[in-house]
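> Quick one: the structure is below, questions incoming.
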Amino acid sequence: MTEEPSRAPAVLAVSAATLACSSLFVFSRLVSRFAIVKKPGWDDYTIVLAWILAFGTSFAICWGTTKGFGRHQDTILEHDLAPMNKAAYAFSVLYNPALMATKSSILIFYLTLSKTNKVFRWSTIATLIVVNVGGLALTLLNILQCDPVSAAFETPVKPPHTCINIVTIYLSSAPLNIITDLAIFFLPMPLLTGMRLPKKQKIILVVTFGFGVFVAVVDVIRIYYLQDAQRDTLRAKQTGIPGDDMSNQRDDTDFSWYASFSSMWSAVEINTGIMCACVPTLKPLVRRFLPHWVLDHTTAEKSTSRTSDSMIIPTNITSATRPQTAPSPQLSPTTTKPPPTFGGVDESMGMMDFLTTPDMNEMPEVTRNDTVATFATTTRARRGSSAYFDFVDMQKKKNITLRTNEEAVYPVAMVTILFFIWGFAYGLLDTLNAQFQIVARMSDGQTVGQHSAYYFGYIVAPLTFGRFVFRKWGFKACYIVGLVVYACGALVFWPSAVLTSFPAFLISNFIVGMGLSTLELSANPFIALCGPPEFAESRLSMSQGIQAIGTIVSPLLARKVLFKASADSLIDVQWAYLGISFFTIILAVVFFYVPLPEATDEELENATARMPIPRDATVGSTNVRTVWVSLGLGIFAMFCYVGGQESTSTTFAEYFQRWAPTLDVVSFQAIEHTGFATSRLLAAVACIWIKPRFILAFSFAGVIAFSVAAMNGRVGGSSAAIVVMVKFFEGPLFPLIYAQSLRSLGRHTKDAAVLLTAAIGGGAVWPPIMYAVYKARSVHYAYCVVVAAYAAGALFPLWLNFPLFSTQRKLVDPCRDEQSRRESETEKERRASMGTGEKHKRWSLHNIKNRWSKEKDQLPTVEHRERESWAEGLTPSLFLTHPAAAVRLEAAQRPHSSELEIPVFLSSRNSTSSSAGSSSTSSTEASHEKASAAERPHDSPHTTVFAHRQDLQSSSSSESNSTGSSSNIVNTGDGAAVSPGFVYASPMRSQNDPSISWAG
């Protein structure tokens, strides 16, 4: 006799094993926090609650396997059905509270990591609220899954009792679990990666907190096993079986078989989360029994030893550059003296100190010596984002309005990637709507409603949180927030498809629209402003053309390769959107670490002020400024253009079915989008030589003419060609309207970008109007709505080209920023004169060797300069003996330079603590140098001094100290007395010469 298949042994073994592991981790955590540290917190009490709930869920599963859970339902004895259903009900009720307690413990622990980082704390608090509010709602839904509650124990459910399919509830909760899992994983990463810690210790911290990603992986595996039952539900929905309600699905499906593995992975998810929550708190225990796992002994060795490369900043430099009255900056965790013990002390210890302190024992306080690296690091931390070496700004970046074409290539390319992504998402959205309409048997009107919900998100997001993020944190913050919101919308599609619910699908489209609008809110003005202003329209048209390429690729990929109109295809769409959401989250993390330039309102105002344009001109004799009229008409034109474009898109298939039924709609739609992308790329090139307002007027004229022609539909390929030409002339309209409207606004540029992005919401208004006309008359007659939309939008190019006024033309016509251009050319000439004109190759073979070389931390020597590049009379030997004389000799040989560069005096590499007399002499040298610099005229010869390492023997150092500091003074001839034992370094040289590397 063949034994019936059963999953019960595997379910029992895995659930019990993971419960045992989580119990061990919780016990170790309690020993660490209560017995060793003796400082328990609310996170410890919460994890105990989570373990109690996890024990309940695991026990319910294990007990259910003895009653048939894991076997096919038709093989279970009748008297075991009720106990099995009770076990399943207990598990479903305890599942969400267990996750709530586990995630709450982690988030409460996060709140102890930083008390000053407001963004981190508020993000953690927001995640904590979402976890508990969402978890509470799902818990109540699980408790009340049947009416009455006792019906949950019945199989089958007897009328008039009703129950919700538990699989539907599980799948509907999947987005909330995945979103919170990813939030918990990524929240502390910026805080951890930004800490100045030893490399080994930082890796341990990141890996420790990174264990949370396994919880998200387990959740995805759990969802996979829930999809088998969902296919039956979708097939029933697609075939429209009468009377097939949730109760019938619950009774007819093999619940005990397919729910066993999903329940097992649910227990694994809970227990894995508890283990991940305990890992960061186990350091004291690991330190006591496995100290080599957490200690970085190289740190102690480095802190107590000094090599010839440990270049010491003399006191005269530090005293001149660091204010004596300023309070000392807060030390990093690696330099903070830990308390004598972790228990029984009055002094409180921060959680970050607890995690990052290298040793658990009492350590003597190490006297900190200022090296080049520590001096530069602490100076940068104290003075903000810009790093200063003495009086020279070393790392201040150009804002986006000052960048040349070469400097704008990298940031524009990075942001253009985002254009392609939202183009791909937009194309996939149309395909998704079509698939959902077929599978869920929805009407055309409901599909138009889904489309409008997407564009309604464009109205809401920019005017609410999008504007706040844009104004508060800038361009890159909008990219990250937009990508995260878009990922959430993609995940919310999961319950929409599971429930096959039209309102749920409206919500998912609305969230996706909010995310992409937030992304577009900053991406469009960034492209328009990043680089020379005369090429703003060209840059934006090029990036928008790449976005249009995404709208070509995604429908072809979706309709030809991925999806067919079936229940299985909708599940495939769910997995596709899950993959898109994960990819989007990863992209948001990448952009967090990608350096991109910004621009403040003041910098945008300065950029406009540099332009030779009549900014304050008014319309005629009125007090209305011309720039506001142009902006208002531009916003209205954007509203009408997007409405017209989306109206043609939503009726494209119907138009082809009426006038070209023999043609393949999908292929012609690809041709249509190809023409759309091609016209944008052509406009990008044309705007270099032709004024954009002329191209804008020509495009509006073309799209109106072909829209009128489309109203007179004829059977055959001519009607199809007319619609393709409508799409071709639509292409350049968006980038030209946007860039022309954004010109000459100065500090109001960001607010104007908000209004222009919100105007894209016209796509939510015009398509329903066209659909109503289409249903009332015909699809070709409905093109009168498109004609009206574009005719209204044409007021903008008419205003820009109106012959009676000239000020509006001067405000929008491209013109050069001559001041910035001259400054850039001057900077290039200066770098070329200093021998640093060539761009340093970051990934050259020489630099790759230096990155992995053991001597990569050494400062370069003077021999790095080519022999033939030494000026006449200047040799390395002269720098060795009389460096100040070498400085003056080189200055004399550069009589035509008008720039002044003052050397920075650094002590020799093997210098030890100086005597009192030496310190006095150093202070005198510094004061003479500063006085000399102040007295020099601005047109004095340009001086450049090269970094040099002078390796002295210990015997010569002793001889120098015994002789006295006065014997080492060399007069430079201009009142500055310096010592040949000092190393001279030029900040300008170190900034621009790749052969000289300065830490910080």
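> Would you mind finding the one in I164, I129, I178, I143 that is within 19 Å of S496 (Cβ to Cβ) and either free of Cβ contacts under 8 Å to residues at least 60 places away in the same chain or open to solvent by less than 10 Å² (accessible area, probe 1.4 Å) (or both)? It would help to see each step written out before you state the result.
On the way: I164 fails: either free of Cβ contacts under 8 Å to residues at least 60 places away in the same chain or open to solvent by less than 10 Å² (accessible area, probe 1.4 Å) (or both); I129 fails: within 19 Å of S496 (Cβ to Cβ); I143 fails: within 19 Å of S496 (Cβ to Cβ).
Step by step, each of I164, I129, I178, I143 is checked, and only I178 is within 19 Å of S496 (Cβ to Cβ) and either free of Cβ contacts under 8 Å to residues at least 60 places away in the same chain or open to solvent by less than 10 Å² (accessible area, probe 1.4 Å) (or both).
> Would you confirm, using the coordinates I've provided, whether S123 is open to solvent by 10 Å² or more (accessible area, probe 1.4 Å) and either under 23 Å from A497 (Cα atoms) or without any contact (Cβ under 8 Å) to a residue 24 or more places away in the chain (or both)? Outline the logic, then answer.
Numbers: open to solvent by 10 Å² or more (accessible area, probe 1.4 Å): yes; either under 23 Å from A497 (Cα atoms) or without any contact (Cβ under 8 Å) to a residue 24 or more places away in the chain (or both): no.
No; evaluated as a whole, the condition is false for this residue.
> Tell me, please, whether a residue that is buried (at least 16 other Cβ atoms within 10 Å of the Cβ), farther than 30 Å from P280 by Cβ and touching a residue at least 40 places away in the same chain (Cβ under 8 Å) can be found in the stretch 40-56.
No, every residue in the stretch 40-56 fails to be buried (at least 16 other Cβ atoms within 10 Å of the Cβ), farther than 30 Å from P280 by Cβ and touching a residue at least 40 places away in the same chain (Cβ under 8 Å).
> What is the residue count in the stretch 789-824 for residues that are out of contact with any Ser or Thr (no Cβ under 9 Å at 6 or more places or on another chain) and over 26 Å from V619 (Cβ atoms)?
Residues meeting the conditions: 5.
> Would you point out the residue of the stretch 684-708, among those that are of a type in the set (A, V, I, L, M) and crowded, with 18+ Cβ neighbours inside 10 Å, that is nearest to G531 (Cα to Cα)?
Once the filter is applied, the top-ranked residue is A684.
> Would you mind stating whether T208 is among the hydroxyl-bearing types (S, T, Y), in a helix (DSSP H, G or I), open to solvent by 20 Å² or more (accessible area, probe 1.4 Å) and on the phi < 0 side of the Ramachandran plot?
It is true that T208 is among the hydroxyl-bearing types (S, T, Y), in a helix (DSSP H, G or I), open to solvent by 20 Å² or more (accessible area, probe 1.4 Å) and on the phi < 0 side of the Ramachandran plot.
> Under the condition of being touching a Lys or Arg at 6+ places or on another chain (Cβ under 9 Å) and part of a helix (DSSP H, G or I), which residue from the stretch 86-127 is farthest from V481 (Cα to Cα)?
In this case the residue turns out to be K86.
> Within the stretch 667-683, which residues are in contact with a Leu (Cβ under 8 Å, 6 or more places away or on another chain) and either under 15 Å from P732 (Cβ atoms) or open to solvent by 30 Å² or more (accessible area, probe 1.4 Å) (or both)? Full working, then the answer.
Kept after step one, since they are in contact with a Leu (Cβ under 8 Å, 6 or more places away or on another chain), are these residues of the stretch 667-683: 670, 683.
Residue satisfying the conditions is A683 alone.
> Oh, and also: Looking at (1) at pLDDT 80 or above; (2) charged (D, E, K, R); (3) in a loop (DSSP other than H, G, I, E, B), can you tell me which one D181 breaks?
Of everything listed in (1) at pLDDT 80 or above; (2) charged (D, E, K, R); (3) in a loop (DSSP other than H, G, I, E, B), D181 misses just condition (3).
> Closer than 15 Å to I580 by Cα, under 15 Å from the mean Cα position of the chain (by Cα) and open to solvent by less than 40 Å² (accessible area, probe 1.4 Å), is that true of Y426?
no
> Oh, and also: Taking the stretch 712-729 as the search range and keeping residues that are open to solvent by 50 Å² or more (accessible area, probe 1.4 Å) and in contact (Cβ under 8 Å) with a residue 40 or more places away in the chain, which one is nearest to G634 (Cα to Cα)?
F728
> Now for a different question. Quick test for you: out of I690, I704, pick the one residue that is farther than 23 Å from G550 by Cα, at pLDDT 90 or above and not in a helix (DSSP H, G or I).
The unique qualifying residue is I690.
> Identify the single condition in (1) among the polar types (S, T, N, Q); (2) part of a helix (DSSP H, G or I); (3) open to solvent by 10 Å² or more (accessible area, probe 1.4 Å); (4) within 29 Å of P190 (Cβ to Cβ) that S22 does not satisfy, given that it satisfies every other one.
If we test S22 against (1) among the polar types (S, T, N, Q); (2) part of a helix (DSSP H, G or I); (3) open to solvent by 10 Å² or more (accessible area, probe 1.4 Å); (4) within 29 Å of P190 (Cβ to Cβ), just (3) comes out false.
The values are calculated or read from the model by the stated rules, or taken from the named source; none is laboratory data. All of these numbers come straight from a predicted model, not from anything done at the bench. Using ideal geometry, Cβ is built from the backbone for each residue, glycine included, and neighbour counts are taken over all protein chains shown. For accessibility, only protein heavy atoms count, side chains too; no ligands or nucleic acids. Shrake-Rupley method; radii C 1.70, N 1.55, O 1.52, S 1.80 Å.
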